[in-house]
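Presented below is the structure to which this report refers.
The values are calculated or read from the model by the stated rules, or taken from the named source; none is laboratory data. Every value quoted in this text rests on a predicted model; they were computed, and no experiment measured them. Please note: Cβ atoms are built from the backbone with ideal geometry, for glycine as well, and neighbour counts cover all protein chains shown.
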Amino acid sequence: MSVELYELPDGWRWEKLQRLVQMKKGKKPSQFDESPTAESLPYIDIEAFEKGIIKRYANANFGVPSDENDVLIVWDGARAGLAGKGMRGLLGSTIAGLSPLDINKDFLRFFLHFNYDEINSNTRGTGIPHINPEIFWSLEVPLPPPAEQHRIVKKIESLFAEARTARAALERAEPLLKKFRQAVLSAAFRGELAERDANDEPASILLERIRNERRAKWENDSRAKGKDSTKAKFVEAEPPNTRELGELPQGWIWTSLGEIFEITLGGTPSRKKPEYWNGNTPWVSSGEVSFTRIKETREKITELGVQNSSAKINQRGTVLLAMIGEGKTRGQSAILEISAANNQNVAAIHCASTPIPSEYVFYWLVSRYAETREGGSGGAQPALNRARVMLIPIPLPPLAEQQRIVERVESLFAQAEQIERAIEIARRRAEKVEQAILARAFRGEL
């Protein structure tokens, strides 16, 4: 592969890589030792090369030795072309050692780092990729005088150290933003985030009104179904055990999800019936309930699928809570921004049929994710159930204050998202900094 050569500073020259180094290819020794002996050396495999972790040793007579004066490079495998500092030991079968002849070892290492993409994207081999010697040894090196090489290496190392410091600062920002969000939610549900107004209707009156409306709806539904509501009884959900809960601001009250919301479970149409799937009704699986607003789903079911299963179509604004799921899924929540059904591993909290903002319930569930997960039971895959979901406590402020809390939380979260976007832009730029530094270095511009 030909590379367009550019004009070099005075005293520099172009040299092909093959004239500047000697290579020794590693090999796998016939036997290993798990611990070092007087006759053994560390075996430099990929893990030792990348992380400095030595797990095996071998007799020096059974391998290809290397030392700190070499530059190591991955010769075989997906990371072919990756270069690193030399180390004392025996070269692994996928590693090669480059002994500099007429070039500073660190200048060589930085040159290989600069050309990694070209080396790695032009490997050969149908199975395991290998460095293509024809391309590798034909690389043109812009070579300054020895003293200039040394100075450039020091400058590169200094600039790289600054770049690493900047990247480390960006990495520290992400957990800080997570803590910020947690602090916002904690303050919100202590009544410390939004303004309080003594004229707001107390939450106890709001709760009683919701109870009455739910009871009236149940009676109307019973009459519509031809049932005698005087013989049946509306069963109210249990209130939470307030002895285990904290004090609330004046005008607030503890209640439970089951006291104020209808909570239903979903279902999964038979997978053996193709006519139940690929329809027009969005269908949410528990894995899609991940602290988000659901605007679309991976799968959809048909009207027949709804009619012939326990699936129910929930209206927009329903809050979903994952009850069963691997890893982090159980206890995660989401808000429906579309009408959708859900599977049996998800509880649907029907906030939209009450005056309570769906976002208020969603943020409360986000804030108590760890506690909700602990509410599960079972063996290898602990689970929640509808009864446990109904008992989840929730602090109920006056309705107007709920709305102010939601507005304040979303405003602060929006600021955090702006910061995250800025960090991501800075991170992408930081990833390109090293290549930009090396480009300038090999043009004599440092």
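A few notes on this one:
- Some residue of region 165-184 being touching a Lys or Arg at 6+ places or on another chain (Cβ under 7 Å) and part of a helix (DSSP H, G or I): yes
- Within region 313-336, being loosely packed, with under 14 Cβ neighbours inside 10 Å and closer than 29 Å to residue 410 by Cβ holds for 316, 327, 328.
- Hits in region 173-195 - residues which are more than 19 Å from residue 359 (Cα to Cα) and in contact (Cβ under 8 Å) with a residue 12 or more places away in the chain: 173, 174, 177
- Within region 22-49, tally of residues that are in a helix (DSSP H, G or I) and under 18 Å from residue 131 (Cα atoms): 2
- Evaluating residue 236 against the criteria (1) at pLDDT 75 or above; (2) in contact with a Lys or Arg (Cβ under 8 Å, 6 or more places away or on another chain); (3) within 29 Å of residue 307 (Cα to Cα); (4) not polar (S, T, N, Q) leaves one unmet condition, (1).
- Restricting region 16-47 to residues that are surrounded by 13 or more Cβ atoms within 10 Å (Cβ to Cβ) and among the β-branched types (Val, Ile, Thr), the residue that is nearest to the chain's Cα centre (by Cα): 46
- Restricting region 175-205 to residues that are of a type in the set (Asp, Glu) and surrounded by 13 or more Cβ atoms within 10 Å (Cβ to Cβ), the residue that is farthest from residue 434 (Cα to Cα): 201
- The listed residue being among the small types (Gly, Ala, Ser) and not assigned by TED's automatic domain parsing to the domain that holds residue 251, out of 387, 370, 416, 383: 416
- Search result, residues across region 389-424 that are under 13 Å from residue 174 (Cα atoms) and free of Cβ contacts under 8 Å to residues at least 60 places away in the same chain: 417, 418, 421, 422, 424
- Qualifying residue in region 13-21 (condition: in contact (Cβ under 8 Å) with a residue 24 or more places away in the chain, assigned to a loop (DSSP other than H, G, I, E, B), more than 16 Å from residue 87 (Cβ to Cβ) and out of contact with any strand residue (DSSP E or B) (no Cβ under 7 Å at 6 or more places or on another chain)): no
- Residues of region 411-446 that are in a helix (DSSP H, G or I), over 18 Å from residue 161 (Cα atoms) and touching a helix residue (DSSP H, G or I) at 6+ places or on another chain (Cβ under 7 Å): 412, 413, 416, 419, 420, 423.
- Flag if residue 445 is loosely packed, with under 15 Cβ neighbours inside 10 Å, in the same structural domain as residue 159 (by TED's automatic domain parsing) and in contact (Cβ under 8 Å) with a residue 40 or more places away in the chain: no
- None of 275, 247 is surrounded by fewer than 19 Cβ atoms within 10 Å (Cβ to Cβ), over 31 Å from the mean Cα position of the chain (by Cα) and outside any loop (DSSP other than H, G, I, E, B) except 275.
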